[in-house]
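**Student:** If you scroll down you'll find the structure; I have some questions about it.
The values are calculated or read from the model by the stated rules, or taken from the named source; none is laboratory data. Not measured: the values here are computed from a predicted model. Glycine gets a Cβ as well: all are built from the backbone with ideal geometry, and neighbour counts include every protein chain shown. Accessible surface areas use protein heavy atoms only, side chains included; no ligands, DNA or RNA. Shrake-Rupley method; radii C 1.70, N 1.55, O 1.52, S 1.80 Å.
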Amino acid sequence: MHVVVFTRSTPDTAAKVVVDDNGNVTWGDAGLVVNPWDEYALEEAILQAKSGGGKATVVAIGPEAHNDALKHSLAMGLNEAVRVEDEALDPFDSLHYATAAAGAVNKMGDVDLVIFGKESIDVGTDQHAYQTARKLGWTMLSYVSRILDVDYAAGTIRVERMLEQGKQIVTSRLPAVMTVMKDINEPRYPSFIGIRKAAKAQIPVWSLAELGVDVPAKGVEIVAYKNLPVRETECEMLEGTPQEQAAALVEKLLEEKVL
Amino acid sequence: MSAVFAWVETFKGAANPTSWEALGAGRTLADGLGVPLVALILGENAEAVAKQAGEYGADKAIVCEDATLHGFRLEPYAALLTKLVQDNSPAVVIAVGTSRGRELLAASAADTDSGMITEALELSLDGNKVVATRPAYAGKVLSEVRSSGEGTLFLTIRGRAFKPNELNSGASIDIEKVDAVLSEDDIATKIESFEEETGTVNLTDAAIIVSGGRGMANNPKPAPDGVEDATVWKAQDGFANVIQPLADVLGAAVGASRAAVDAGFIPYAHQVGQTGKVVSPDLYIACGISGAIQHQAGMRSSKVIVAINKDPEAPIFKLARYGIVGDLYEVVPALTEELKKRLGK
């Protein structure tokens, strides 16, 4: 069996991200890390490949900066890595992304399961995962918090999903695309040997022509990035005993009409 | 028919509390584009919900009550939405960006090679192009995104970012019934069970959220003998017996910082922040939360923020409208008592 997991490099979660005077998004000298949601997807791919007796491949769509995430993935224990890059491809456009991602999965040919992290923090969305499933014509299993049963030979899967109203258990068929939630596993840290091995890895790059796909016209474009509006940060400190502070706060909240 | 289609999400035959916001934002776009606003309602009880949609400002409703649509599943919902889009070429399909709204619209956008904007916080029109402001980089910056004005734009809005239309009781609505596209045999995914969390308020719908952080560990109540981890027990006890009573008196949802979740104080479903839920309630009360940048990313758009923290230097005070420097285990019970008195509960 063969599991594919998608990842990307994003600014470190603790980084202060701002828009500079030229309108570019910057994060100072903070490094790039694996998109935080993807760590769970990468761990699950390793676990599934092991229990299913198969292999796990990690894929990134976009420029060379994503090699950081791919090398981290290899160091964690993913078997193979590949990157898709093409001049015609805008990896921030979800339809472009999904078209390329589905093309890469189809090129591999033998894939049973595709795993994504819940969302990508740079683009701030999860739409590319659902769209990859649709471009493949596969079942989509979103917000998976546990894989309860999976039989790669029979092509059946049973998972627990975490939704706003509670936990749902569904059965479905493989091949499938899934997004995984944070509580599905405990991601491992790369081993020292893994890091050394990954540092030397040559990561193949596939073009759209090699995937045999064309990207569609873009339906939306990012016009500009903006900094968040400055919050009125005048914090009014409430003094006194806890009872006095509580009474003063309730008074203020009634005035604000938020109760 | 050019139109704005708005998906009114339902759960067990009733509209979600935020669903009418899709009609609110949709109404403005439909008026600006000079086209009708059409509510799409799928699943059990759709016709009754359609009548409500009329009262919330829809001009027309398209409904399907087929048994395959009882309980949301992506395959039958997306197949039907895609067909409706192909048949009617609406200018915009809008929905609230819930877990289901995001995946349904993304799927049909892919099926029809259409553009999509998610998590819109503000919307305007530039001719027939939709311009949206949405968060990027985990909410640390904003991006302005514009549609091409050609084909259909799929658009999800952040819950609680737009207001519903004024309720116009008794307004009539033209209802069109359509057939499902897939039959049960075509659908791979079967729902085996659904364990609902009853009695808790959904974080993303909540008007008020009370959250606890690392400071929950400072519970003065001694842990009983034989407890494996006294710190975890104290914090869990604090969430159950200090935070929850305040949430109950306010009708609020309970949130938590990543530090509290990672330490095992409370399940992940309560996490607010960069790798948790993004919320924008009217009132956010942060108890024992320092306010790391990752937490701020999830709650900074709250209307009024209250911070209760022992450390006067905690970054959360820079974001807060009202601050109380003190022990949450003294302040929160006092606040609960005061609210009971003032709100007459």
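Matching residues to (1) at positive phi; (2) open to solvent by 10 Å² or more (accessible area, probe 1.4 Å); (3) within 14 Å of another protein chain (Cβ to nearest Cβ); (4) not in a helix (DSSP H, G or I):
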{"residue": "B:V35", "(1), (2), (3), (4)": "no, yes, no, yes"}
{"residue": "B:I62", "(1), (2), (3), (4)": "no, no, no, yes"}
{"residue": "B:G71", "(1), (2), (3), (4)": "yes, yes, yes, yes"}
{"residue": "B:P76", "(1), (2), (3), (4)": "no, no, yes, no"}
{"residue": "B:A109", "(1), (2), (3), (4)": "no, no, yes, no"}
{"residue": "B:A132", "(1), (2), (3), (4)": "no, no, yes, yes"}
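**Student:** Looking only at region B:199-223, count every residue that is more than 13 Å from B:A263 (Cα to Cα) and either open to solvent by 60 Å² or more (accessible area, probe 1.4 Å) or in contact with a Leu (Cβ under 9 Å, 6 or more places away or on another chain) (or both) and tell me the total.
**Tutor:** Residues flagged as more than 13 Å from B:A263 (Cα to Cα) and either open to solvent by 60 Å² or more (accessible area, probe 1.4 Å) or in contact with a Leu (Cβ under 9 Å, 6 or more places away or on another chain) (or both) within region B:199-223 amount to 11.
**Student:** Take B:F194 and tell me if it is of a type in the set (F, W, Y) and open to solvent by less than 20 Å² (accessible area, probe 1.4 Å).
**Tutor:** So B:F194 fails the test.
**Student:** Tell me, please, whether a residue that is within 10 Å of chain B (Cβ to nearest Cβ) and of a type in the set (A, V, I, L, M) can be found in region A:75-96.
**Tutor:** For region A:75-96, residues within 10 Å of chain B (Cβ to nearest Cβ) and of a type in the set (A, V, I, L, M): present.
**Student:** Among the numbered conditions (1) within 22 Å of B:G115 (Cα to Cα); (2) assigned to a loop (DSSP other than H, G, I, E, B); (3) away from chain B (no Cβ under 14 Å), tell me where A:V123 comes up short.
**Tutor:** Just one mismatch for A:V123, condition (3).
**Student:** Moving on to the next point. Please count how many residues of region A:71-100 are among the hydroxyl-bearing types (S, T, Y) and open to solvent by 10 Å² or more (accessible area, probe 1.4 Å).
**Tutor:** 2
**Student:** Has region B:159-175 got any residue that is open to solvent by less than 70 Å² (accessible area, probe 1.4 Å) and assigned to a strand (DSSP E or B)?
**Tutor:** Yes, because at least one residue in region B:159-175 is open to solvent by less than 70 Å² (accessible area, probe 1.4 Å) and assigned to a strand (DSSP E or B).
**Student:** Suppose we filter B:A6, B:A22, B:A78, B:A50 for residues that are more than 22 Å from A:Q165 (Cα to Cα) and of a type outside the set (D, E, K, R); which single one remains?
**Tutor:** After ruling out the rest, the residue left standing is B:A50.
**Student:** Quick one: A:Y130 ticks every box in (1) of a type outside the set (G, A, S); (2) closer than 15 Å to A:W206 by Cβ; (3) part of a helix (DSSP H, G or I) bar one, so which box is it?
**Tutor:** It fails just one condition, (2).
**Student:** If only one of A:D112, A:D122, A:D38 is surrounded by 18 or more Cβ atoms within 10 Å (Cβ to Cβ) and modelled with pLDDT under 95, which one is it?
**Tutor:** Testing whether each residue is surrounded by 18 or more Cβ atoms within 10 Å (Cβ to Cβ) and modelled with pLDDT under 95 leaves just A:D122.
**Student:** If I ask for residues that are surrounded by fewer than 24 Cβ atoms within 10 Å (Cβ to Cβ) and either on the phi < 0 side of the Ramachandran plot or among the aromatic types (F, W, Y) (or both), which ones from region B:78-89 would you list?
**Tutor:** Of everything in region B:78-89, those that are surrounded by fewer than 24 Cβ atoms within 10 Å (Cβ to Cβ) and either on the phi < 0 side of the Ramachandran plot or among the aromatic types (F, W, Y) (or both) turn out to be B:A79, B:T82, B:K83, B:L84, B:V85, B:Q86, B:D87, B:N88.
**Student:** Here's something else I'd like to know. Hey, can you tell me all the residues within region A:150-193 that are part of a loop (DSSP other than H, G, I, E, B), facing chain B (nearest Cβ under 7 Å) and touching a helix residue (DSSP H, G or I) at 6+ places or on another chain (Cβ under 8 Å)?
**Tutor:** A:E164, the sole residue that qualifies.
**Student:** Do you know which residues across region B:111-130 are open to solvent by less than 20 Å² (accessible area, probe 1.4 Å) and over 18 Å from the mean Cα position of the chain (by Cα)?
**Tutor:** If the condition is that a residue be open to solvent by less than 20 Å² (accessible area, probe 1.4 Å) and over 18 Å from the mean Cα position of the chain (by Cα), then B:S114, B:G115, B:M116, B:V130 are the ones that fit.
**Student:** Let me ask something else about it. Taking the condition at pLDDT 95 or above, of a type outside the set (D, E, K, R), assigned by TED's automatic domain parsing to the domain that holds B:A180 and closer than 15 Å to B:A180 by Cα, does B:A53 pass?
**Tutor:** Considered against the rule, which asks whether it is at pLDDT 95 or above, of a type outside the set (D, E, K, R), assigned by TED's automatic domain parsing to the domain that holds B:A180 and closer than 15 Å to B:A180 by Cα, B:A53 comes out as no.
**Student:** Then there's this: Name every residue in region A:1-25 that is within 10 Å of chain B (Cβ to nearest Cβ) and crowded, with 24+ Cβ neighbours inside 10 Å, in order of residue number.
**Tutor:** A:T10, A:V17
**Student:** Of everything in region B:298-327, what is open to solvent by less than 10 Å² (accessible area, probe 1.4 Å) and more than 7 Å from chain A (Cβ to nearest Cβ)? Give them in sequence order.
**Tutor:** B:G298, B:M299, B:S302, B:I305, B:A307, B:I308, B:A314, B:I316
**Student:** Please work out if B:P17 is within 22 Å of A:R134 (Cβ to Cβ) and either buried (at least 24 other Cβ atoms within 10 Å of the Cβ) or at pLDDT below 95 (or both).
**Tutor:** So B:P17 does not fit the description; no.
**Student:** Among the listed residues B:T231, B:T189, identify the single one that is within 11 Å of another protein chain (Cβ to nearest Cβ) and surrounded by 14 or more Cβ atoms within 10 Å (Cβ to Cβ).
**Tutor:** Among B:T231, B:T189, only B:T189 is within 11 Å of another protein chain (Cβ to nearest Cβ) and surrounded by 14 or more Cβ atoms within 10 Å (Cβ to Cβ).
**Student:** May I pose another question? May I ask you to list the residues in region B:111-130 that are within 11 Å of A:V220 (Cα to Cα) and more than 7 Å from chain A (Cβ to nearest Cβ)?
**Tutor:** B:K129, B:V130
**Student:** What number of residues within region A:226-259 satisfy the criterion of being within 7 Å of another protein chain (Cβ to nearest Cβ), open to solvent by 80 Å² or more (accessible area, probe 1.4 Å) and assigned to a loop (DSSP other than H, G, I, E, B)?
**Tutor:** Number satisfying all stated conditions: 0.
**Student:** Additional query: Out of region A:200-225, which residues are open to solvent by 70 Å² or more (accessible area, probe 1.4 Å) and either over 24 Å from A:L89 (Cα atoms) or within 7 Å of chain B (Cβ to nearest Cβ) (or both)?
**Tutor:** A:K200, A:K218, A:E221, A:I222
**Student:** Tell me which residues, restricted to region A:103-141, are acidic (D, E) and within 18 Å of the chain's Cα centre (by Cα).
**Tutor:** A:E119, A:D122, A:D126
**Student:** Is it true that some residue in region B:180-192 is in a loop (DSSP other than H, G, I, E, B), under 19 Å from B:A307 (Cα atoms) and small (G, A, S)?
**Tutor:** no
**Student:** Sticking with this structure for a sec: Restricting to region B:17-33, name every residue that is in contact with a Lys or Arg (Cβ under 9 Å, 6 or more places away or on another chain) and not in a helix (DSSP H, G or I).
**Tutor:** The one that is in contact with a Lys or Arg (Cβ under 9 Å, 6 or more places away or on another chain) and not in a helix (DSSP H, G or I): B:T18.
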